[in-house]
1. Within region 215-252, which residues are over 22 Å from W479 (Cβ atoms) and either polar (S, T, N, Q) or surrounded by fewer than 18 Cβ atoms within 10 Å (Cβ to Cβ) (or both)?
2. State all residues of region 169-202 that are surrounded by fewer than 17 Cβ atoms within 10 Å (Cβ to Cβ), among the small types (G, A, S) and either modelled with pLDDT of 85 or more or farther than 22 Å from A43 by Cβ (or both); if no residue qualifies, say none.
3. Looking at this structure, is R351 within 22 Å of Y275 (Cα to Cα) and surrounded by fewer than 22 Cβ atoms within 10 Å (Cβ to Cβ)?
4. Tell me, which helices (runs of 4 or more DSSP H) lie completely within region 40-156 with 3 or more residues that are within 27 Å of F398 (Cβ to Cβ) and at pLDDT below 95?
5. List, please: which pairs have Cβ atoms under 7 Å, are six or more places apart or on different chains, and start with a residue in region 478-501 that is farther than 13 Å from L383 by Cα and end with one that is among the acidic types (D, E)?
6. Within region 326-348, is even one residue acidic (D, E) and over 24 Å from Q175 (Cβ atoms)?
7. Out of all the residues in region 499-506, is one or more buried (at least 21 other Cβ atoms within 10 Å of the Cβ), modelled with pLDDT of 95 or more and not in a loop (DSSP other than H, G, I, E, B)?
8. I need a count of the residues in region 446-459 that are in contact (Cβ under 8 Å) with a residue 24 or more places away in the chain and closer than 17 Å to A387 by Cβ.
Amino acid sequence: MFLKVKFNLIPVLGILFVFSCTQEEIPTSSLLEQNEASVELIASSEIDKIILKSIQETGDFVWMDQSDLLLYSALLQGDSILTIGYQPAGQSQANARIGLDDVTDESWKASASLILSMISETLETNGNSAARLKDPEATIHESLPYLEVKISEFSVLLNLRKMPEVRYFEPIGYQFNYDLLNGDNPYGRITSDSGCENDPQSNLSASDYSIVSPGAKASWNYPQMGISQAWTMSTGAGITVGVIDTGLSPDQALFGTAFNSGQSSGRTVQKFGTYKTGFLWWKSYDGPNDQCGHGTAMSGIVASPRNTSGAAVGVAYNSNLISVRGTSDVIFNTTDEKNGVAEALVLLGNRSDVKIISLSIGDVFSNSKVADAIRYAYNRGKLIFAAAGTSTSFTNWFGVIFPATMAETVAVTGVKEGSGYQRCDTCHSGSKVEFTVVMERSGTNTKPITLASSGNIPSTVGGSSVATSTASGIAALVWAANPGWTRTQVLDRLRTTSDLYPSRNSQYGFGNMDAAAAVGVY
């Protein structure tokens, strides 16, 4: 949710807060012509090369580390909307306070007001009526310390850089050209719609699953991860897991009327949607329903019931599930997807019943708005698992993606079965990885089974996505066995019972998780 404030070209000392939402517009050539004549924009092709070079050399790209000219060029070649993170002047640890401090308190409100005043005064001082947008509006988030405003003057960015109240500013609408990561280059392929399939697999071998009472199919990798053994002590009962992804399929009865069936009972499934579609003022939430398939598959891994119908059973089959459709596909690279994921994190962060958040989604470089939302949920006690990254072909250079790069998340990737550690054909790895999950069969490369978008015939799903949702389910088993534990205690138990502990591998962290050891079976 956002608070919208209109500000005239006078100092803004008091702000009237009302509920609203952001807007997304496509700039026209006339808007570009309105900028200061002395500023020559950097071409989008050059910006993309800089982004790619930074990812290759550092593993990330951070807008605030770039020149004001590059930021300004990206701003005007996007939707001209600038996200500005703010903080009280003199606050040295503002990020650590996100989710703990109320941003409507006077010290935070005053900083937002000063920033808007500066923008207003800069426009008035410039006196360029062509460059000045008529009746400009700022949107101020009601829970996170950032505001957004449409900007067309370079001098505003220069002045923002000088203000102690500004934590960051970045162009939310700039679209990185993902084709640079595709084709016949040595870097593999990453696409925004990767993972948008979840069809039944009728050709599965009997060795790809085992039948467990009262008739469900348990994936082949469950015994290797200690999951089947852990069920003798924990099934996830009483723990709520939030899955932020592409939603749940309305055609999958096991996430509807049959969520409590077989040996799964006394639990709840809730469905929300924070992703918006449409254009300008017609933009609206498009609901909780999965239109991709990925979200259904991930939620199936976490919490599919231990059913009687021969469908796949989830890791924590008695846990509660909250599904939030925050994105349309696996990579949240558009303005609407970033907004949707950020809002989903706030939604789950505000839920006292949510213990674990599973993020089998990401982007190739950082976004500060989503990072603020991650901190919001983390500072409210949530254990957040995030996918290290998945490409549609093997990549030997691309490291862990955002937000798994953040200290507030637990990065997970997938490895092949067998002795030693070899990442799956499409998985990323790196120093940020905390845990691994066995999710690719040797020889056949078969992936774990999960719920298809409809029916009882299982689908299969791979990459660090399934590793992340599996890790989230294992954490639910551990927390259910120890309901009085804190997030730190749960995470420590997962670490100390993992395969490589106390060592930490530079690519695979503490290695394969062991659900049975973590819940205390042995």
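1. G215, T246, S249, P250, D251, Q252
2. Scanning region 169-202 gives a single hit, S202.
3. Against the criterion (within 22 Å of Y275 (Cα to Cα) and surrounded by fewer than 22 Cβ atoms within 10 Å (Cβ to Cβ)), R351 qualifies.
4. Ranges flagged: 44-58.
5. Pairs that qualify, where the first residue is farther than 13 Å from L383 by Cα and the partner is among the acidic types (D, E), are T497/D514; S498/D514; D499/D514.
6. No, region 326-348 contains no residue that is acidic (D, E) and over 24 Å from Q175 (Cβ atoms).
7. No, the conditions are met nowhere in region 499-506.
8. Residues in region 446-459 being in contact (Cβ under 8 Å) with a residue 24 or more places away in the chain and closer than 17 Å to A387 by Cβ: 2 in total.
The values are calculated or read from the model by the stated rules, or taken from the named source; none is laboratory data. The structure displayed is predicted, hence computed values, not measured ones. In this analysis, Cβ positions are derived from the backbone assuming ideal geometry, glycine residues included, and neighbour counts consider all displayed protein chains.
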